[in-house]
Amino acid sequence: MLIQIHISNLITIDQLNLEFTKGTTVLTGETGTGKSILIDAIELALGARVTSDIVRPGQERADITLHFDINDLQSAKEWLKHFDLNADLSECIIRRSISKDNRSRSYINGIPVTLQMVRELSELLIDIHGQHEHHALLKSERQRDMLDDFANHATLKQCVSDLAFELTSCIQKMESLRKNNEERLKQVDFLSFQRREFEDLKIASDEFQILDLEHKQLSNADSLLKNIQNALHHLTEQENQNVIHLLNQVVQTLAAIQEVNPLIATWVENLKTIIIQLNDIESDLYHYLSSVEIDPSRLNFIENRLSSLFNLARKYKISPAELNHYQQKISDELNELENGDEHLKKLEEEINVLKQKYEQNAKKLSDSRKKAATCLSKEITAIIRELGMPKANFQINFEAISPNQISSHGLEKIIFEMSSNPGLVLQPLTKIASGGELSRISLAIHVTIAERYKISTLIFDEVDVGISGRHASIVGKLLRHLGRTHQVFCVTHLPQVASQGNQHIRVEKINDENSTYTKIQSLSSKEKINEIARMLGGVTITQTTIEHAREMLDNVES
């Protein structure tokens, strides 16, 4: 739940620090005071779009900080843990700082985050029903979402959406294969020609690399022989002046004095090791010398072969070392195209399987919706009848979509229908509901759905528009009842609704010669009586009005 808000330099708010309680909190104020400014501030902190003139004139920036108690919100804790945002805390603090040039920064538990992250988290913390929400109620998509929220089958709904996407993708791929069949045959001919070019050369694995090395050896055979023979001459063959003979002499000279200093013995051993290594090198050089041969015919063959490989590589704009890989690529592409019919057959089989899964899960979704619709219709009808439409009947209709249409939302279109009096045909809300009726229907739906919400904090921003008298009392009781299981905020202009609040907050606009301030405060019991009296009596507040206000508060059920 939301336990505290701090605001500084936001529009007409200078400084505000306000604590909230459990239950239902009502916000009231005279017309024109901007009763919804607190809700606007909450929405801004939770990622709403920044408009002009957000920062109070004369100030550099505005700040909004929200403190949530998340002890009972496991989903929010898991989200914070996933993003490593101090999920071990019992509170979650969301802050947004907005500069006068409308740039902003957001923080969760003191860590900078993106606005999208704040918006994601906010969906787990709070749900806001705006004062114009009933207009959205006329849209079929919103009606479907409301029913799905009530049915609580999010996993099944996501499964249907995923299957629809996968099925549509496969169908598009199949249609593309069929459409491009003529182009596919042309490509087969072209790739077959390319493959024959490579097959005619019969390029062995790593052939270029092997031939290139052999070419270097053969083309430099004279130089190799000359230099190796020269190395052997200095190493062992030059009498009394070769390297190994001279090193043996050095060993004998040092060995004669090694008892004088132990370090000399180490030098002697190291030199002996070097002599052994030189003998091994001598053996390797003789062996290599015997293997080197001058073969002009072999050299000529290799040069011709390398020339062919270079020419083919140049034609396909690749390096000769890539010839094997490119040949395999051509073969793979050709194989795929030549087996196009087989791919098409497998794709058709996959589509049939996906279609069956989609229809099965979409049918389950429809069954779940219909079951929930029966229950939701009864509950909404009952509330509407209490709100001044005693003969009204609310029903949810299912209009099947085309069998050929694969919708990510299931097999049907959801339509909310109502009749105001017995005997009248049920019709879509867009055709029969007035503004006042829509407001009452919207409130009934929100209250009914909200009771099943796992989100602990709900905000109703003047959803009681168009309601008055006895029906307003019922609205107040509905919101107070909802406050037993949720934290509820309600911006209202009705005393009957305001009297039902567990906490009462008043919004005042104060004007002086130079500026305008908004004062927001939580009311004491006495102040609450005076505010209800003001809402009842308008400009003139009499003792009778005050007594009436006190009576309204005394009659509130605990």
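Computed from the coordinates by the stated procedures, all read-outs in this text should not be read as laboratory data. As the structure is a computational prediction, the values presented were derived from the model and not from experiment. Positions of Cβ are generated from backbone atoms using ideal geometry, with glycine treated the same way; all protein chains shown enter the neighbour counts.
Would you please give the FRET efficiency between ASN304 and PHE193, computed as 1/(1 + (r/R0)^6) with r the Cβ-Cβ distance and R0 = 22 Å, to the nearest 0.05?
Approximately 0.40, to the nearest 0.05.
For a quick size check, give me the Cα extents of the stretch 152-213 along its three principal axes, largest first, whole Å.
70, 34, 10
Simple spin-label model, 7 Å along Cα-to-Cβ: VAL556 to LYS315 in nm?
The modelled label-to-label distance comes out at 9.1 nm.
Which whole-number percent is the relative contact order of the chain (Cα, under 8 Å, 6+ apart)?
Relative CO of the chain lands at 23 percent.
Can you pull the semi-axes for the chain, root of five times each eigenvalue of the Cα gyration tensor, sorted largest first, whole Å?
Calculated on Cα positions only, the semi-axes equal 84, 40, 20 Å.
Going by a ≥ b ≥ c, the root eigenvalues of the Cα gyration tensor, does the stretch 1-143 fall in the rounded group (a/c under 1.5), the prolate group (a/b larger than b/c) or the oblate group?
Verdict is rounded for the stretch 1-143.
To the nearest 0.05, how large is the calculated FRET efficiency for GLU350 and SER408 if R₀ is 30 Å and r is the Cβ-Cβ distance?
Details: r = 19 Å, r/R0 = 0.62.
For GLU350 and SER408, the calculated efficiency is 0.95.
Considering the Cα trace of the stretch 384-537, what is its radius of gyration and what is Dmax, both in angstroms?
Calculated on Cα positions, Rg and Dmax stand at 19.9, 68 Å.
Given labels modelled 7 Å from the Cα in the Cβ direction, how far is it in nm from ARG385 to ASP284?
10.1 nm
Under the rule of -39500 (n - 2.57) per DSSP H run of 4 or more residues, summed and divided by the residues of the chain, what mean residue ellipticity at 222 nm is obtained, to the nearest 500 deg cm²/dmol?
Mean residue ellipticity, 222 nm, calculated: -18000 deg cm²/dmol.
Using 0.36 nm times the number of residues separating PHE83 and SER169, minus their current alpha carbon distance, what extension gain do you get?
27.8 nm
By how many nm would the segment from SER99 to GLN258 lengthen if fully extended, with 0.36 nm per residue of separation less the alpha-carbon distance?
Full extension of this stretch gives 48.8 nm more.
Go ahead and run the numbers for FRET between THR51 and ASN335, Cβ-Cβ distance against an R0 of 56 Å, rounding to 0.05.
The formula returns an efficiency of 0.40 here.
Is any residue of the stretch 488-511 close enough, with backbone N under 11 Å, to a label point placed 7 angstrom from the Cα of GLU30 along the Cα-Cβ axis, and if so, which?
Label zone hits: 508-511.
Can you pull out the GluC sites (Glu not before Pro) in the stretch 8-115 that DSSP calls coil and that have at most 11 other Cβ atoms within 10 Å?
GLU60
State the extension gain, in nm to one decimal, for the chain segment bounded by LYS509 and LYS477, taking 0.36 nm per residue of separation less the distance between their alpha-carbons.
Length gained, LYS509 through LYS477: 8.7 nm.
Sorting check: for 35-41, 381-387, 459-465, which peptide has the highest mean count of neighbouring beta carbons within 10 Å, and how do the rest follow?
459-465, 35-41, 381-387
Could you work out how far helix 207-219 tilts from the main Cα principal axis of the chain, as a 0 to 90 degree angle to the nearest 10?
Helix 207-219 and the main axis of the chain meet at about 30 degrees.
I need the trypsin sites (Lys or Arg not before Pro) found in the stretch 464-558, filtered to DSSP loop residues with at most 13 other beta carbons within 10 Å of theirs. List each step's numbers first, then the result.
Values: sites: ARG470, LYS477, ARG480, ARG484, ARG506, LYS509, LYS519, LYS526, LYS528, ARG534, ARG550; in loops: ARG484.
Hits after loop and neighbour filter: ARG484.
With a Cα-only, solvent-free Debye model of the stretch 184-338, what are the log10 I(q)/I(0) values at q = 0.08, 0.11, 0.15 Å⁻¹?
Results for the stretch 184-338 at q = 0.08, 0.11, 0.15 Å⁻¹ read -0.50, -0.67, -0.87.
Given a cut-off of under 8 Å on Cα pairs at least six residues apart, what relative contact order in percent is computed for the stretch 1-94?
Over the stretch 1-94, the number comes to 34 percent.
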